[in-house]
Amino acid sequence: MHLLSMGWSFSLHSCQKIRISLTTAVINMQMKELNHICLKSLDVTLDLVNCCMSRYGKSHVIAQRLSLFIFFKARALTAQTAETDAIRFLVGTQSLRFDNQIHVIDFDDENNIINKNVLLHHAGEIWQICASPADKNVLATCYSKTSDSKVTSCAAVWRIPKELQAGSHEVPDDSSNNTQTLELLCHLDNDAQSNMACVTWEPLGNGKKMMSLADNYLMIWDLQESSTTAVLSSSATLEGKGQLKFTSGRWSPHHNCTQVATASDTAIRGWDLRSMRQVYCIDNAHGQLVRDLDFNPNKQYYLASCGDDCKVKFWDTRNVNEPVKTLEEHSHWVWSVRYNHSHDQLVLTGSSDSRVILSNMVSISSEPFGHLVDDEDLSDQEDNQHEEKTKEPLQDSIIATYEEHEDSVYAVEWSSADPWLFASLSYDGRLVINRVPRALKYNILL
């Protein structure tokens, strides 16, 4: 590789704010295997990807993704759901030796600036984190703590300190003298259980209703008095042979938020929260443990699941005998699956094979013909005998496979503020922010 010209400028602000300015970079590619350059500065890596080949065998290189190193083991990631103006993600750490932390990551896409604030989470190792859909300063964590040589899993609701609520990022460094501590609002405790597996908010509510899964208990909580008190409003018990335990769950944004889906071992169950009874059950949904679930935001009966059988499956909950689609692109356990909030044909998955895959599942989306349709539209089209030419559904495809991670990818999340941007988190503490390819974006929009 012969470097013809490259210019870089870095402006470091107290090791917290990094401004990256890329000037013209032209590279003569003499090695076909080399298609990107990776430069590291402190805890930020800017990956330069060879994005287009121009004349004379030269390539113009532009910034495509940013990576942030947390320097702690981590597996908990969420977008700040109630924040729709700023691109913001929350990362929870897992450390046995040090106080665990919530990292508040802000990304300024226009100026290539990453801001990071660190909040102490003294309660224990963070296994899951979720943000309130109504209050951007409130979040919940599922964490483990050790007491009398016994490890228990708990859940709590927290508030971001007032000093950071306005979006200020002027903390000089990550030292304990300057790091803020989360304000505890309430615990989600029930004497009948001790091992919390999952917590989630009612997706379209006012942030006052939550669901928790612990052992074989499904519990619905009402948050009162400015979220400082959690009252158990209803519950259900998972019954069956053996010691059944919930592993994950998801609250449906459809049906007036009266349904949830849960995973236990290899099965997926749907629950009606009005009666707290099962409405469907998918036995042996996966060949091994089911890891994650997500509802299609635009099609009320469609549910995605992933598991240790390396597969991602898509279900129509009205007919659960067979999945409507199955993806087998990963080579190890699939830990996370997420629909895009606006364009449900875009599906993210993260796996222990260290890869993130972006799929275009257009044939089972709300836009199978390139425009928004629903089930009634499809039925009308079948009955329409006067249409001159029937459109063919677009084909499903793998858009991109991202291999920036070097450890198991435990979480993937779409930004709440920018539908074309997403983040992935691997166990070694690396957070990678990526964008949907521009060509696909324009194809969807136009």
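The single condition among (1) outside any strand (DSSP E or B); (2) of a type in the set (K, R); (3) surrounded by 18 or more Cβ atoms within 10 Å (Cβ to Cβ) that R88 does not satisfy is (1). All of A230, A263 fail the test of being within 28 Å of V362 (Cα to Cα), in contact with a Phe, Trp or Tyr (Cβ under 9 Å, 6 or more places away or on another chain), crowded, with 22+ Cβ neighbours inside 10 Å and not polar (S, T, N, Q), apart from A263. When the test is whether a residue is under 30 Å from I87 (Cα atoms), at pLDDT 95 or above, open to solvent by less than 70 Å² (accessible area, probe 1.4 Å) and not aliphatic (A, V, I, L, M), T200 passes it.
Would you be able to say whether some residue in the stretch 361-373 is at pLDDT 95 or above, under 16 Å from the mean Cα position of the chain (by Cα) and either at negative phi or not hydroxyl-bearing (S, T, Y) (or both)? No, the stretch 361-373 has no match at all. Between H343, H330, the distinction of being touching a helix residue (DSSP H, G or I) at 6+ places or on another chain (Cβ under 8 Å) and crowded, with 20+ Cβ neighbours inside 10 Å belongs to H343 only.
Applying the condition of being farther than 15 Å from D344 by Cβ and part of a loop (DSSP other than H, G, I, E, B) to the stretch 286-316 and asking which residue is most open to solvent (accessible area, probe 1.4 Å) yields Q288.
Could you tell me whether any residue of the stretch 242-263 is on the phi > 0 side of the Ramachandran plot, free of Cβ contacts under 8 Å to residues at least 60 places away in the same chain, touching a Lys or Arg at 6+ places or on another chain (Cβ under 7 Å) and not polar (S, T, N, Q)? No, because not a single residue in the stretch 242-263 is on the phi > 0 side of the Ramachandran plot, free of Cβ contacts under 8 Å to residues at least 60 places away in the same chain, touching a Lys or Arg at 6+ places or on another chain (Cβ under 7 Å) and not polar (S, T, N, Q). Find all pairs meeting these conditions: Cβ atoms under 7 angstrom apart; at least six residues apart or on different chains; first residue within the stretch 126-138 and on the phi > 0 side of the Ramachandran plot; second residue aliphatic (A, V, I, L, M) and modelled with pLDDT of 95 or more. If the second residue must be aliphatic (A, V, I, L, M) and modelled with pLDDT of 95 or more, no pairs are left. Within the stretch 96-152, the set of residues being closer than 13 Å to A76 by Cβ, surrounded by 19 or more Cβ atoms within 10 Å (Cβ to Cβ) and polar (S, T, N, Q) comprises N100, Q101, Q128, T141.
From the list A423, A400, the one residue that fits, being at pLDDT 90 or above and under 17 Å from V91 (Cβ atoms), is A423. Among the residues of the stretch 279-299, those that are over 20 Å from the mean Cα position of the chain (by Cα) and among the polar types (S, T, N, Q) comprise N284, Q288.
The values are calculated or read from the model by the stated rules, or taken from the named source; none is laboratory data. Here the structure is a predicted model, which is why all the values come from computation and not from measurement. Neighbour counts are summed over all protein chains in view; Cβ atoms, including those assigned to glycine, are modelled from backbone coordinates with ideal geometry. Surface accessibility is based on the protein's heavy atoms, side chains included, excluding ligands, DNA and RNA. Shrake-Rupley method; radii C 1.70, N 1.55, O 1.52, S 1.80 Å.
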